[in-house]
1. Output ³J(HN,Hα) for region 90-107: one whole-Hz value per residue in order, computed from phi by the Karplus curve 6.51 cos²θ - 1.76 cosθ + 1.60 with θ = phi - 60°, and x for Gly and Pro.
2. Please compute the length gained on full extension between F25 and M1, using 0.36 nm multiplied by the number of residues separating them and subtracting their Cα-Cα distance.
3. Kindly provide the helix-only [θ] at 222 nm of the chain, computed as the sum of -39,500 (n - 2.57) over DSSP H runs of four or more divided by all residues, to the nearest 500 deg cm²/dmol?
4. Looking only at the chain, where both bridge partners belong to it, what percent of the DSSP beta bridges are antiparallel (to the nearest 5)?
5. Search the structure for amide H atoms under 5 Å from the amide H of G138, placed 1.01 Å from N in the peptide plane, and list their residues when 5 or more places away or on another chain.
6. Using per-residue counts of other Cβ atoms within 10 Å, averaged over each peptide, order 54-66, 22-34 from highest down.
7. Can you compute the FRET efficiency between E108 and A32 using 1/(1 + (r/R0)^6), with r the Cβ-Cβ distance and R0 = 22 Å? Round to the nearest 0.05.
8. Tell me the relative contact order for the chain as a rounded percent, counting alpha carbon contacts under 8 Å between residues six or more apart.
Amino acid sequence: MASVKIDIVGMDELDLIVNLYGQIFQPPQDHAYFRRRLEAHRVSLMMVAELERRPVGFLVGYELRYTTYYAWLIGVLPDARRMGVASQLLEAQEAWCRENDYEMVRFECYNHHRPVLHVALSHGFSIVGIRYDSRTLGNLVIFEKQLREDTA
């Protein structure tokens, strides 16, 4: 596993997040896409992963409910995959969530994104449901992970 540097970034680094997103996902999205979602929530988190001083991945999420954090987007550049970048982003996110007293992390992933499904399961997430996305006409797998033993 490559050792990556993970930084928490603010809205002033949104250009970097938008750029990474556009290299990983299609169609690309603009700043407004991110601002609409993040500004609608009380607490948000953006992280960037660097490998050899080059940004290679990101994670964006927000508070869904008082005790639940929602990992909205996670992405790693194709040439940096299978190096443990996503795993390290998830670990950093979990540490941040624990420090901020969240009891659960939740996220959704399209059923056809098999590598993400594997990473989620290997990090202790449980499949708790499936949701149909009428916008993309695809199924989303819903994952949750309890962070406090007394809530499991």
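Throughout, read-outs are computed from the coordinates displayed, never taken from laboratory work. Please read all numbers here as calculations on a predicted model, not as lab measurements. Every residue, glycine among them, receives a Cβ derived from its backbone with ideal geometry; neighbour counts consider all protein chains shown.
1. Values per residue, Gly and Pro as x: 5, 5, 5, 4, 4, 4, 4, 4, 4, 4, 9, 6, 7, 9, 8, 10, 10, 7 Hz.
2. On the way: separation 24, 0.36 × 24 = 8.64 nm, distance 2.36 nm.
Using 0.36 nm per residue and subtracting the Cα-Cα distance, I get 6.3 nm.
3. Values: 4 runs with 44 residues, N = 152.
Calculated mean residue ellipticity at 222 nm is -9000 deg cm²/dmol.
4. On the way: 35 of 38 bridges.
Around 90 percent of the beta bridges assigned by DSSP in the chain are antiparallel ones.
5. Under 5 Å from the amide H of G138: D133.
6. Details: 54-66: 19.5, 22-34: 12.3.
Order by mean packing, descending: 54-66, 22-34.
7. Numbers: r = 22 Å, r/R0 = 0.98.
That gives a FRET efficiency of 0.50.
8. Numbers: 244 pairs, mean separation 27.4, N = 152.
Taking the mean separation of contacting Cα pairs over the length of the chain, I get 18 percent.
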